[in-house]
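Below you'll find the structure, written out as structure tokens, and then a few comments.
The values are calculated or read from the model by the stated rules, or taken from the named source; none is laboratory data. Everything numeric here is computed off the predicted structure, so don't read it as measured data. Cβ placement follows ideal geometry from the backbone for every residue including glycine, while neighbour counts extend to all protein chains displayed. Ligands, DNA and RNA are stripped out before the accessible areas are found, and what is left, the full protein with its side chains, is counted by its heavy atoms. Shrake-Rupley method; radii C 1.70, N 1.55, O 1.52, S 1.80 Å.
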Amino acid sequence: MAAPPYHDEILRSVAEDVRATLAGELGPQPLAALIDEVFTLNDTLTAALDAKEPAALRRLPVCRPGCDSCCRLHVVFVTPAEALRIADHVRTTRTPAEVEALIAALREVAPRVAEMTVKERAEARIPCPLLDAHGACSVHPARPLLCRAYNSCDLAACLTAFGAGDPDTKLPCNANQAVVGKTLFAALVLGGGAGRDLGPLELIHGVLTALTAEDATNRWLLGESVFSTEHARVSREAAEGWEVFVAREANR
Ligand code: SF4
Ligand code: SF4
């Protein structure tokens with residue numbers, strides 16, 4: 001999918017806002033509030049870009065709660081900040097016993113997926129541990145940007161890809177939603193990584209660390225090494241590319 005011309009402008013502006021906020025230059029703001037602002041921006045920008053298109057050309061996603069084959073087919077990457085936001089959401093919306101049950105589920109799945117490739121994950125169709133019993137995302141308000149970006153206008157194409165265990169099928173989709181979500185994800189990597197763990201993290205390992213590492217949010221913000229890309233093969237393989245991306249973009 002070709003990136004539209006606003007891609008670069010949004011990336012730079014949001015990355016700078018994230019960097020300045022995390023550096024305290026814009027006044028105190030909890031990390032969760034910053035990430036929620038990015039999520040709100042994601043929805044606002046997507047809607048604004050959709051509204052600029054003629055109604056006849058607008059592509060409407062058919063995604064809905066309970067339609068979960070994408071959450072079983074794909075590896076999801078998150079930034080450390082997103083993993084921490086999910087952990088915060090879990091702690092504030094679940095009982096201690098429910099939090100422990102989720103940690104146990106994550107611990108059970110993490111070693112199974114650790115050395116899998118993207119293709120092997122798709123073939124294994126391992127459900128995201130954050131799916132609820134009805135096939136809906138149990139952390140929907142805090143779900144990752146790449147989950148927000150992923151969408152489809154053709155459920156049959158999703159089911160065909162799922163049946164084939166094919167993570168590379170190109171789905172007809174709302175391009176604005178896809179590009180905005182990916183752009184903001186990149187902005188979090190670029191703006192949030194200065195002196196801190198950069199990610200990108202495989203979702204299951206990232207959330208498990210965010211839930212179990214002591215005082216994870218404050219330590220990550222202070223630049224301590226909390227998250228590791230070493231836990232998952234896909235993270236190790238992606239990490240080098242993200243370091244190159246950040247080095248290149250930081251020097252432009
Ligand atoms: S991407 Fe496909 S499988 Fe996922 S929610 Fe949308 S329509 Fe359903
Ligand atoms: S975080 Fe939510 S939307 Fe993303 S893969 Fe998991 S269940 Fe699906």
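Quick check: residue separation of residue 164 and residue 133 times 0.36 nm, minus the Cα distance between them. What number comes out in nm?
Length gained, residue 164 through residue 133: 8.8 nm.
Counting only C-alpha contacts under 8 Å and six or more residues apart, can you give the relative contact order of the chain as a whole percent?
30 percent
With the full set of protein chains in place, find how many percent of the accessible area of the chain is carbon and sulfur; take the probe as 1.4 Å.
C and S atoms contribute 56 percent here.
Long-range amide H contacts for residue 173: which residues qualify at under 5 Å (H placed 1.01 Å from N, peptide plane, sequence gap of 5 or more or a different chain)?
The answer is 153.
Students often check this: by mean Cβ neighbours within 10 Å, which of 163-174, 66-77 ranks highest, and how do the rest follow?
66-77, 163-174
Over the range 166-252, what is the mean sequence separation of C-alpha contacts under 8 Å (at least six apart), divided by residue count, expressed as relative contact order in percent?
For the range 166-252, the relative contact order is 31 percent.
In deg cm²/dmol, rounded to 500, what helix-only [θ] at 222 nm does the chain give when every DSSP H run of at least 4 residues adds -39500 (n - 2.57) and the total is split over its residues?
So the helix-based figure for the chain works out to -18500 deg cm²/dmol.
With a/c under 1.5 counting as rounded, go ahead and sort the range 41-138 into rounded, prolate or oblate using the C-alpha gyration tensor (a ≥ b ≥ c being the square roots of the eigenvalues; past the cut-off, prolate if a/b is larger than b/c, else oblate).
The shape class here is prolate.
Using a cut-off of 13 Å between beta-carbons, work out the net charge of the residues near residue 100 (Lys and Arg +1, Asp and Glu -1, residue 100 not included).
Residues near residue 100 contribute +1 overall.
Non-local amide H neighbours of residue 131 (under 5 Å, H modeled in plane, Pro and chain starts lacking H): which ones?
138
For a paramagnetic label modelled at 7 Å from the Cα of residue 12 toward its Cβ, which residues of the range 235-250 fall within the zone defined by backbone nitrogen distances under 13 Å?
Correct set: 249-250.
Run the quick spin-label model on residue 95 and residue 252: label points 7 Å from Cα toward the beta carbon, then report their separation in nm to one decimal.
Using points 7 Å along Cα→Cβ, the separation is 5.0 nm.
So what's the net charge close to residue 51: Lys and Arg +1, Asp and Glu -1, counting the other residues with Cβ under 13 Å from its Cβ?
-1
³J(HN,Hα) across the range 173-178 via Karplus (A = 6.51, B = -1.76, C = 1.60, θ = phi - 60°), whole Hz, x for Gly/Pro?
Per residue, the Karplus-derived 3J(HN,Hα) values read 8, 7, 5, 4, 4, 5 Hz.
Name the longest site-free stretch of the chain, where the excluded sites are GluC sites (Glu not before Pro) in a DSSP loop with no more than 14 other beta-carbon atoms within 10 Å.
By the stated rule (loop sites, at most 14 other Cβ atoms within 10 Å), 116-213.
How large is ³J(HN,Hα) for each residue in the range 213-223, as worked out from phi by the Karplus curve 6.51 cos²θ - 1.76 cosθ + 1.60 (θ = phi - 60°), to whole Hz, x for Gly and Pro?
6, 5, 6, 4, 4, 5, 5, 5, 4, 7, x
Measuring with a 1.4 Å probe in the full set of protein chains, what accessible area per residue, in whole Å², belongs to the chain?
On a per-residue basis, 49 Å².
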